[in-house]
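Student: Attaching a single structure in structure tokens format; questions to follow.
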Amino acid sequence: MGDGWGGVPADVFTAILLRIQLIHWRWLRLVCRHWRDVIDERTPEPRAHAKVLAFYTDGDRSRAFVVDGLPGGRRSVELNLPMINTARMIGTCNGLLCLWMSDDYSRGQIAVVNPAIREMITVNAPVTACSGRDATYSFGCHPATTGQYKILHVPLRPVRSSFLVCDSQAGEFDKVHVLTLGDVSSREWREVPAPAGSSCNLRFGFVSVHGVTYWVTEDAKKIMSFDLKDERVALVKCQQMPVLPAKDCYFYEQRSHLTDVRGRVGLAVGRSFDEFARSKIEVWVLEGGREEEQTWVKRYTILMHGVDPRQKMASPHIVHGEHVLTTYTLRPPFSNRRSLNAHQPREERKMRPCLMLRLGAPRPETATGVFEIRSECLQTFAYVETREPVVVYGDGIVYGGGRCDGEEAPGWTLVPTS
């Protein structure tokens with residue numbers, strides 16, 4: 001077809017394409033081969049090509065590094081974030097970053113950023129009693145049908161417990177607030193009613209899988225969901241969660257949290273030390289159809305043999321491809337530095353189908369990648385680069401060079417197989 005289509009040059013067609021929402025691209029790519037190639041160049045990479053995004057705070061600035069996939073990734077690239085001080089990550093989806101912008105617990109703003117093309121839009125947080133807490137938000141989309149990006153806010157009413165005077169991390173609610181990016185019919189937050197007795201425990205976080213957002217109930221026994229397509233809050237039909245008693249899971253160093261395990265709802269559970277000075281982390285996956293009672297199945301066991309308590313499981317992204325991620329806080333005088341470690345678990349016959357990872361054992365894990373940062377707070381996410389425009393979803397900006405310009409930095413330092 002050459003450089004044009006019907007007299008329209010390729011660069012002009014690209015400029016037009018970038019003003020169209022992603023949901024419509026799948027139909028446009030069927031027009032001809034030229035359109036398909038241009039669109040495929042700008043859509044998110046497949047999940048299999050996802051890389052690890054390390055997000056952390058360095059002084060008064062927020063930084064994000066994308067580390068090459070394992071094994072063999074030896075370089076990392078710092079994402080070009082806008083000039084936002086101490087932003088906190090709400091979540092990532094299809095290469096877009098959702099950031100909370102506020103230095104205190106007042107009502108703040110939420111930014112959706114595509115660092116690959118330096119586009120950003122901002123929206124005001126809803127007016128609720130806890131709208132100033134980034135932990136009450138989630139970001140996701142429904143890829144199969146609507147393709148719309150949505151921000152979910154769960155406004156909690158703190159509850160009193162038998163061992164805490166007032167638990168601000170858990171509570172009940174009777175509605176959720178939803179904002180759809182690019183919805184011209186309503187640019188405001190909408191209230192969606194929730195069933196009676198709905199609750200949430202923020203300690204476990206949120207996870208969005210295949211267009212559904214999940215969270216744990218206040219008593220840490222069940223999980224609830226919000227369908228991003230139908231916008232319905234429901235209690236998930238599943239077995240009781242395999243977690244510690246409420247008091248223990250609140251204060252244990254290896255805090256339990258929800259996670260995405262290869263496209264399934266996962267739960268990372270920390271266990272205390274046993275008589276052999278071993279602690280244990282288990283990663284469970286929820287399996288079964290949505291219409292039937294689902295079952296928790298253990299897929300990974302991370303056994304720590306006398307490992308320093310400074311080493312913990314990564315959060316919220318813990319399983320990346322064939323690897324399990326952990327973090328480690330270095331000893332003084334480097335206590336302000338933390339390393340992100342990638343381990344490859346083994347298959348042991350007596351543990352099937354659960355994979356085993358042994359840290360600090362006489363026969364340690366098969367391979368480890370180490371990526372060091374200068375921060376005491378580190379979050380991990382899966383990231384796929386995309387050229388998808390953001391400004392089409394609202395009043396946005398194209399920001400400048402920011403504080404970096406896609407600078408390369410050292411990536412994984414691979415430790416040979418022992």
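The values are calculated or read from the model by the stated rules, or taken from the named source; none is laboratory data. The shown structure was predicted, so the numbers you read here are calculated from the model rather than taken from an experiment. Ideal geometry is used to build each Cβ from the backbone, glycine not excepted, and the neighbour counts take in all protein chains shown.
Student: For the condition surrounded by fewer than 20 Cβ atoms within 10 Å (Cβ to Cβ) and either out of contact with any strand residue (DSSP E or B) (no Cβ under 8 Å at 6 or more places or on another chain) or at pLDDT below 70 (or both), what is the one hit in Leu22, Leu70, Leu17?
Tutor: Numbers: Leu22 fails: surrounded by fewer than 20 Cβ atoms within 10 Å (Cβ to Cβ); Leu70 fails: surrounded by fewer than 20 Cβ atoms within 10 Å (Cβ to Cβ).
Unique residue meeting the criteria: Leu17.
Student: Just wondering, is there one or more residues in the stretch 167-179 that are modelled with pLDDT of 90 or more, in contact with a Lys or Arg (Cβ under 6 Å, 6 or more places away or on another chain) and surrounded by 14 or more Cβ atoms within 10 Å (Cβ to Cβ)?
Tutor: To start, the set of residues in the stretch 167-179 that are modelled with pLDDT of 90 or more comprises 172-179.
Narrowing further to those that are in contact with a Lys or Arg (Cβ under 6 Å, 6 or more places away or on another chain): 172, 178.
Now restrict to residues that are surrounded by 14 or more Cβ atoms within 10 Å (Cβ to Cβ): 172, 178.
Within the stretch 167-179, one or more residues are modelled with pLDDT of 90 or more, in contact with a Lys or Arg (Cβ under 6 Å, 6 or more places away or on another chain) and surrounded by 14 or more Cβ atoms within 10 Å (Cβ to Cβ).
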